[in-house]
1. Using the Kirkwood formula over every pair of different C-alpha atoms, what hydrodynamic radius in Å results for the stretch 19-102?
2. Compute log10 of I(q)/I(0) for the stretch 92-176 with the Debye formula, placing one identical point scatterer on every Cα and leaving out solvent, at q = 0.17, 0.20, 0.24 Å⁻¹, to two decimals.
3. Straight-line reach from K48: which lysines have Cα under 29 Å away, leaving out those fewer than 8 places along the same chain?
4. Sort T81, T60 from largest to smallest accessible area, using a 1.4 Å probe on the heavy atoms of the protein chains.
5. Among the GluC sites (Glu not before Pro) within the stretch 266-331, which fall in a DSSP loop and have no more than 12 other Cβ atoms within 10 Å of their own Cβ?
6. Which links in K88/K201; K67/K200; K67/K241; K152/K214; K165/K241 stretch past 19 Å when you go from one Cα to the other?
7. Treat each spin label as a single point 7 Å out from the Cα along the C-beta direction, and report the V268 to I92 distance in nm.
8. Once every Cα of the stretch 275-351 carries one equal point scatterer and solvent is ignored, give the base-10 log of I(q)/I(0) from the Debye formula at q = 0.17, 0.19, 0.21, 0.24 Å⁻¹, two decimals.
Amino acid sequence: MTLKKTFAVAALASVVAAGAAEARDQIRIVGSSTVYPFATSVAETFGKSTSFKTPVIESTGSGGGFKLFCAGIGEQHPDITNASRAVKPSEIERCAKNGVEKITEVKVGYDGIVLANSKKGQQLQITRKQIFLALAKDVPNAEGKLIPNPYKNWSDIDASLPNFKIEVLGPPPTSGTRDAFAELALEGGCKKFPTIKALKKGDEKLGIKKDKKKYKAICHSVREDGAYIDAGENDNLIIQKLNANPNAFGVFGFSFLDQNSDSVQGSVIDGKLPEFELIADGSYPVSRPLFFYVKDAHIGSVPGILEYLAEFTADKAWGDEGYLTDKGLIPMPVEERAKYKANVKALGAGS
């Protein structure tokens with residue numbers, strides 16, 4: 001064999017090795033900062049109780065996780081992405097375009113999104129309508145005309161609210177928590193205004209034509225004048241800043257409130273406190289499901305994926321008395337858990 005051919009064979013072997021998912025012997029997980037503590041707890045238990053390596057988990061936000069997850073098949077791409085919202089059709093399309101044609105959705109439980117502050121400060125009693133008026137980019141004036149948000153202090157919105165500056169630290173646009181907060185809290189308050197609500201479906205009586213794109217832009221756009229501060233994907237950093245400034249508020253998942261309940265408190269929203277039972281029964285208005293997504297093509301190539309899924313979907317983990325409830329996870333009803341557990345078992349049978 002000539003030297004040239006030897007190099008060619010070696011180069012081909014290198015390419016094949018690089019493309020093979022089995023070249024990696026450790027599960028790689030990306031995605032939601034809200035799901036991160038639950039996934040980390042499962043990964044640590046999995047690493048200690050099996051012969052597999054503890055999975056590597058990166059907190060990238062839901063949007064960032066899907067971007068990495070959908071980039072392709074092979075060892076350089078993650079096996080699982082955590083998400084604090086359901087996958088979007090555009091993300092499924094991106095996955096398919098890059099050869100990631102089969103993914104499996106596993107709902108892991110529920111979570112509430114809180115507006116919290118230091119226990120050294122005043123506990124807020126607020127409505128979703130007032131949250132929208134505090135944080136939206138544009139709000140209606142007395143005549144119903146949209147204007148740039150003029151409110152500087154909470155008390156400018158309503159005299160019952162505190163007389164100090166609106167300062168809210170929250171997740172970035174790539175975060176599933178930000179998406180869910182916009183949909184559940186901001187939009188929940190936005191649609192209390194009839195002229196804005198009418199844009200979603202149209203209203204002949206009000207003379208307003210249907211414009212869903214405009215409706216979403218109004219209801220989901222967050223002000224950019226310093227009242228809302230993008231704190232990145234680090235919820236622990238938000239907790240630290242709240243403890244340093246009792247007049248500031250933070251937006252994050254219930255699990256972080258639960259873990260830091262010695263120093264921070266959740267606001268009462270529409271008359272409901274962010275409590276385990278009220279999130280579980282759906283009466284707390286700002287609650288959402290949590291997920292992770294598995295790349296089917298990596299099962300059987302990267303060792304331990306099925307075993308990791310089995311650990312996560314075991315009653316001892318995500319059940320009513322499971323160790324994830326200690327981390328703040330709100331368990332699904334028994335029937336719902338059985339459904340997703342069956343989907344995971346089917347993955348094992350398929351491989």
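1. When all Cα pairs of the stretch 19-102 are included, the Kirkwood radius is 13.2 Å.
2. The calculated log intensity ratios at q = 0.17, 0.20, 0.24 Å⁻¹ are -0.84, -1.02, -1.33.
3. Straight-line reach from K48, under 29 Å: K107, K295, K316, K327, K339, K341, K345.
4. In descending accessible area the options line up as T60, T81.
5. Qualifying residues, ordered by number: E321.
6. Over 19 Å apart, Cα to Cα: K88/K201; K67/K200; K67/K241; K152/K214.
7. Those two pseudo-labels are separated by 4.2 nm.
8. Relative scattering, expressed as log10 I(q)/I(0), comes to -0.72, -0.86, -0.98, -1.16.
The values are calculated or read from the model by the stated rules, or taken from the named source; none is laboratory data. All figures in this text were calculated on a predicted structure; none of them were measured in a lab. In this analysis, Cβ positions are derived from the backbone assuming ideal geometry, glycine residues included, and neighbour counts consider all displayed protein chains. Side chains are part of the model used for accessible areas, which takes the heavy atoms of the whole protein and leaves out ligands, DNA and RNA. Shrake-Rupley method; radii C 1.70, N 1.55, O 1.52, S 1.80 Å.
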